[in-house]
Amino acid sequence: STKLQVAAHQKNHVLMKPLSGLAMTKLVISQRRMENIILWISHHGTSEELRLASEEILSHLSFGIKADTFENAFDHLAKLLGFTSQRPEKEWKEGPDNLWCLRDGEFLLVECKDEVHLDRAEINEREAEQMNRSCAWFDKNYSGMKVKNIMIIPTRKLAKTTSFTHSVHVMREKMLSNLVTNVRAFIAEFNKIDLKNLSEKKVQELVNVHRLSVDDILNDYSEVVR
């Protein structure tokens, strides 16, 4: 029964985790990013189907959305943007809510607190401890790799009674909204383009125009905790 459960979990990571015999699958880059984006777009026959598919993702990326729905949408956003991704806490019952592989040896670790009220003043002790555990999990499983740790939460102020063990940035409401807006504008560009004749050069150009490069994602949509 354990072997069957291990095999089932390997095919679908959100199934019940077996008590033993399971090895975590590390996240790696499968293809070049522009190839991944073109492949994602090619799965949608028309620009309208592409718009609807992307809107299904983007409409769930705002504060107040149920946590599992938000985290699932954030995972799909990674794939839309050409990255490989996992939901370690969901899939392995430990680690962060979301993990993106941005490029070889560089990751984005995300804890999602989108159900927190927008008027919350501070990041509390429980939330900080959860982030600290996720950072420790990354250190253990991805030793030597670069990572940016982000908490999606309305406040950037850390309660005086707690602390982070690693460098942590926050993505607040305006930054999350900016990311969603830029992705939506990026997708809208394909209304004017033949989806069957996409070039990596053109997709890269649009990625840069809409501030969705790896460096943009690392620098433009988060700020340091105070």
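The values are calculated or read from the model by the stated rules, or taken from the named source; none is laboratory data. Treat the numbers as computed from the prediction; the structure is a model and nothing was measured. With ideal geometry, Cβ positions are generated from the backbone for all residues, glycine too; neighbour counts draw on all protein chains shown. Remember, those area values only see protein heavy atoms, side chains included, never the ligands or the DNA or RNA. Shrake-Rupley method; radii C 1.70, N 1.55, O 1.52, S 1.80 Å.
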> Restricting region 167-226 to residues that are under 21 Å from the mean Cα position of the chain (by Cα), of a type in the set (A, V, I, L, M, F, W, C) and in a loop (DSSP other than H, G, I, E, B), which is farthest from LEU77 (Cα to Cα)?
Replying inline: VAL225
> Only one of (1) touching a helix residue (DSSP H, G or I) at 6+ places or on another chain (Cβ under 8 Å); (2) without any contact (Cβ under 8 Å) to a residue 60 or more places away in the chain; (3) not aliphatic (A, V, I, L, M) is not met by PRO154, so which one is it?
Replying inline: (2)
> Are any of the residues in region 36-54 more than 29 Å from LYS146 (Cα to Cα), surrounded by fewer than 18 Cβ atoms within 10 Å (Cβ to Cβ) and among the hydrophobic types (A, V, I, L, M, F, W, C)?
Replying inline: yes
> Which one of these is touching a His at 6+ places or on another chain (Cβ under 7 Å) and either over 17 Å from PHE74 (Cα atoms) or open to solvent by less than 80 Å² (accessible area, probe 1.4 Å) (or both): LYS148, LYS160, LYS140?
Replying inline: LYS148
>> Condition (residue is assigned to a helix (DSSP H, G or I) and either modelled with pLDDT of 95 or more or within 24 Å of PHE70 (Cα to Cα) (or both)) applied to region 143-159: is it met by at least one residue?
In response: no
>> Which pairs turn up if I take residues in region 176-205 that are under 30 Å from THR155 (Cα atoms) and look for partners that are among the hydroxyl-bearing types (Ser, Thr, Tyr) and part of a helix (DSSP H, G or I) with beta carbon separation below 9 Å, at least 6 apart in sequence or on another chain?
In response: VAL183/SER54; ARG184/SER54; PHE186/SER54; ILE187/SER47; ILE187/SER54
> Among strands (runs of 3 or more DSSP E) lying entirely in region 47-140, which contain 1 or more residues that are modelled with pLDDT of 95 or more and of a type in the set (Ser, Thr, Tyr)?
Replying inline: 84-86
